[in-house]
Amino acid sequence: MPEQAEVDPARAPGGRLRVVLVDDHALFRAGVAAELADAVELVGEAGDAPRAVAVIRATRPDVVLLDVHLPGGGGRAVLDACVPELPATRFLALSVSDAADDVIGVVRGGARGYVTKSVDARELREAIERVAAGDAVFSPRLAGFVLDAFAGGSVAPAPDELDQLSPREREVMRYIARGYTYREVARELVLSVKTVETHVSAVLRKLQLSNRHELARWAQARGVV
């Protein structure tokens, strides 16, 4: 389905929820659209943050399925622009990332839930319906991040060694530790492959590690993946 921004304020035929899908991978959007075709009315799509804001403002959907890492500012930029203006629209993060920082960031921005892309079609439909009804919905492993953060607890405590790393280096490190290739990290963070390689080299040097496999073990042992 092509990206669109047509204004369609009426409830979809049959009372189906009106949904906007925001993700920078066109093939993924097409797959989700096909899986949800009989359950919701897809009224718009977008592949970057500025386009997403325009589509959401124009269509005023019931629910927005929102990726966290987007060109042009990311999912948080979309939330910051839209949540204050559209209190009736619910936002459900749908991302490959299961990093605590990503989860907490979008929840603080106003998202009502966060599910990972490992979710199946039935679970995604249920999550959309529950978020539209006002519930908070999280993939099981992610719920603890939210509970800890909003109870004043620490989320994924960072060991002292992490203080040496810049925020971007920490972000790259988490993806590498979860098994992403340099090219996949570059796509997720909208960076060049060479920039990712530079960040990884800096992380290895600062942590005195020899390769990405040691980095993965280091991160997993400290709970910062």
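Quick one: if the Förster radius is 25 Å, what FRET efficiency do F28 and R57 give, using the C-beta to C-beta distance and rounding to 0.05?
0.60
Where Lys and Arg each count +1 and Asp and Glu each count -1, what net charge lies around P167 among other residues with Cβ under 12 Å from its Cβ?
-1
So for S118, S95, fewest C-beta neighbours within 10 Å to most, what's the order?
By the 10 Å Cβ count, ascending, the order reads S118, S95.
Counting only other residues whose beta carbon sits under 11 Å from that of E197, what net charge do I get with K and R as +1, D and E as -1?
Once all neighbours under 11 Å are counted, the net charge is +3.
How do H199, H25, H213, H69 rank when sorted from fewest to most other Cβ atoms within 10 Å of their own Cβ?
In increasing order of surrounding Cβ atoms, one gets H213, H25, H69, H199.
What is the sum of charges, Lys and Arg at +1 and Asp and Glu at -1, for the other residues whose Cβ falls under 13 Å from the Cβ of T181?
+1
Listing V19, V68, V78 from the residue with the fewest other Cβ atoms within 10 Å to the one with the most, what is the order?
V68, V19, V78
We did not get these values from a lab; they are worked out from the coordinates using the rules stated. What you see is a predicted model, and the numbers here were worked out from it, not measured in a lab. Using ideal geometry, Cβ is built from the backbone for each residue, glycine included, and neighbour counts are taken over all protein chains shown.
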